[in-house]
Amino acid sequence: MADSFLAIVNTIINAASNNTALSEECDSKINHYLFYQLSLIPAFIICLSFALTKRRRKLLLSVLRGRPGLIFPMDTLTRSSRISFACAFGATTFLVYQIVLEGALAIDVQGSRAARSFLAIVSVFIYGMVFCPVFTCLAMGSVFGYGLGALYVWMLTGVQIYKLTECQSSAKGRAFLVLRSLPSLLCLVYLSVSIPARLLQSYRKGWILQWKYEADRFTDSLDVIRNHSTGQYVSKLFRKPKVKKSVEGSKLITVKAFLIRLVYRFLYHSKKGFRYPSRILSVMLVGTMVIYTIAFEVLVIAPALLDFCRHQPAVIRADPNATDTSGDFVCNISNVLRTCVITGVVLATLVSLLNVLHMLSSYRRNILALYRGDHSHIPPASVDSNVSHCINSIKFGGFQVGYMVWGFVIQSVILTLICVILAIFVLLIAADVTAWVIAILEYIWPIVVIFIVILVVQKLLAKFVFLQDSGAYLALDNRSIFFNFTYFMFFYNIFLGVASCLLRILKAIAIGIFFLSRLDNSTLSRRFEFFDPGFTAYVGYMQMEYAHSHPVVIVFTRLVLHMWKEARKRQNEDSIPAFTVNDSDCEQKVVDAETPPDNQQEDSFSRRRMKARSNWHVSYTLLHNPDLRVLRKGFVQLLRQARELGVRVPISDNQANIDTHTLAEQIQRAKEDSRVKLRKGGEDEPDVTASQSDRTLVNRKNEYSKV
């Protein structure tokens, strides 16, 4: 917590400055447990008021006119309000830090371990409920929601600022405390400003009590659909792909183009028309902020402790039994450890940030590959059940943050140890203790030289002696030499394999530690990757995103809704209501006037033109993509009828090559034979179902014969 961190910093600073009047521990006037328990009251009232603005769809619709409805804090599949949702999650970073590293609960009860485990689960739900109004107001998107959400966020921001300023401290300690809580504080300040701004936007649009996703459900125009990120993706599919031109010119131009491609490959770059979902941005921001908090505390406390130890040589020299070199030794060790800790933590932080950028780039690459139907990295959904994918998708957010925290901690420890080993090695050389280094080099250098020579000889022989055309083809030449060389190298490769096995273990450990925080790549091999819970969580999340955010499906659905809305609008314009009053009972009736003949002819011509255009598009698509024929309803029904009647279907790697005209004729003959057999058996009643099926079959045959 903030008060405990401040007390530790003040103690170390005062001790390092030889100040005997150490500051007393600061007790916050805002009790942590009582604050979150009492915050449940306004949070519950606000969420209930949000629920009263929404109607139920199925359950007990007659009770209270279908109110209250079921609300949700965040649409995990949305790509709107991404920064606001990410900042809302960022405001909870200090809670994530306290839960994961400090084990802070919302209920302070002393008891058994089983009771504390149960209270830990209850505390998680309490923390989630306290911040639920912030997320719900963003998902709601109305004036009423933003108004209550702004008041609630202002309250949380005020409490956070008060906690940072209530305890007395030195200027240095105060600066450390503010920098430690700076990410969460910036997120709260952003929400305090952005939510009122969104309130004004909702007021201009007239969204007073109505939820945002209900207000703009059927209001999309063609321009809005076309300019949306999904519309841009679909529009790009219909464009002819650009052919990459080969770079021709001098060697300098070729090298320059190669360097540009190399930089473009390893550095992050934006992609036009692609929008990251709010969930993955929120998860990455929370993980990064937790890593920042841990790294900041380590970089503040660890060097301060080592500086305190560095001031102890004066105390050691005052001891009459101590030698003159004792104080210098302690001072040197403190300096070395201080440098190693700072270097290890800084490098681990940089590695974590690079992994976050690569995770975002990998997500974009993987989801676009799934849109194309490429399952080379993400296994298809049929590998596991849909229930497992749904559960793994729920796990992804928490797993990603937990893996990022553990990855950072382990990387910091490993890199610090490596720095210490290198520092010891350098200190020994600086102290002229080099005999052991020379002995190791005398033992190793012949092995290294022989290994390099044999490796070069192998490559030269493989390219110019063993393979045909200087290695252009994987075809043996000079087989006798190849067989002799393989035989004698067998015994050498045994010794080489022992060393290679050790290198394999070291490489696996290094790569596993380096990519521990990344869930997009499994640390296990391809056949055993589903034993990796982190990778399975990522696969489940990707499958859920792929199923609900495919641009082609979304654009198609929005176009259908737009056409339906336009058709309804056209019908309402064509029908002219005429009101007549009945004198007997004074009832008002609406009589639709007849549509003028000109409008009927125009509508009929418009429908025929639309039908002709659709048929032309279908024919054009099937001619250029014949593989799509096997997915059409008529083709599927044709194959099913053939199997039911026992007609032989040709076996082919590509079902689009099947002659549907011949297959339809065979099905027709099979049906005629079956009717003849029925008549011989005494069945004189006409087969109405068969005749209808025959007509459908003939229509399908004519359709495919045209295509």
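Read-outs throughout are calculated quantities, based only on the coordinates presented, and are distinct from any laboratory measurement. Since the structure is predicted, the reported quantities are computational estimates derived from the model, not experimental observations. We place every Cβ from the backbone using ideal geometry, glycine too, and count neighbours over all the protein chains shown.
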_Among 558-569, 492-503, how do they line up by average Cβ neighbours within 10 Å per residue, starting with the highest?_
558-569, 492-503
*What list of ³J(HN,Hα) couplings, whole Hz, do you get for region 154-161 from phi and the Karplus terms 6.51, -1.76, 1.60, once you set θ to phi - 60° and write x for glycine and proline?*
4, 5, 5, 5, x, 5, 5, 5
*Ranked highest first by average number of other Cβ atoms within 10 Å, how do 465-477, 46-58 line up?*
46-58, 465-477
*Return the long-range amide H neighbours of Leu467 (sequence gap of 5 or more, or a different chain), with a cut-off of under 5 Å between placed amide H atoms.*
Asp477
*According to a simple spin-label model (label point 7 Å from Cα along Cα-to-Cβ), what is the distance in nm between Ser606 and Val457?*
8.5
*Where does each of 91-98, 272-279 land if you order them by average Cβ count within 10 Å, highest first?*
91-98, 272-279
*Which parts of region 157-201 would a label at Lys29 reach, counting a residue when its backbone N lies under 20 Å from a point 7 Å out along Cα-to-Cβ?*
157-170, 174, 178
*More than 21 Å apart: what percent of Cα pairs in region 434-525 qualify?*
58
*Which three lengths, in whole Å and largest first, does region 496-570 cover when its Cα atoms are put on their principal axes?*
80, 22, 20
*Over 23 Å between C-alpha atoms is what I'm after, so list which of Lys236/Lys256; Lys240/Lys271; Lys212/Lys395; Lys569/Lys611; Lys58/Lys569 land there.*
Lys236/Lys256; Lys212/Lys395; Lys58/Lys569
_Shape call, region 72-181: gyration tensor on alpha carbons, a/c limit 1.5_ = oblate
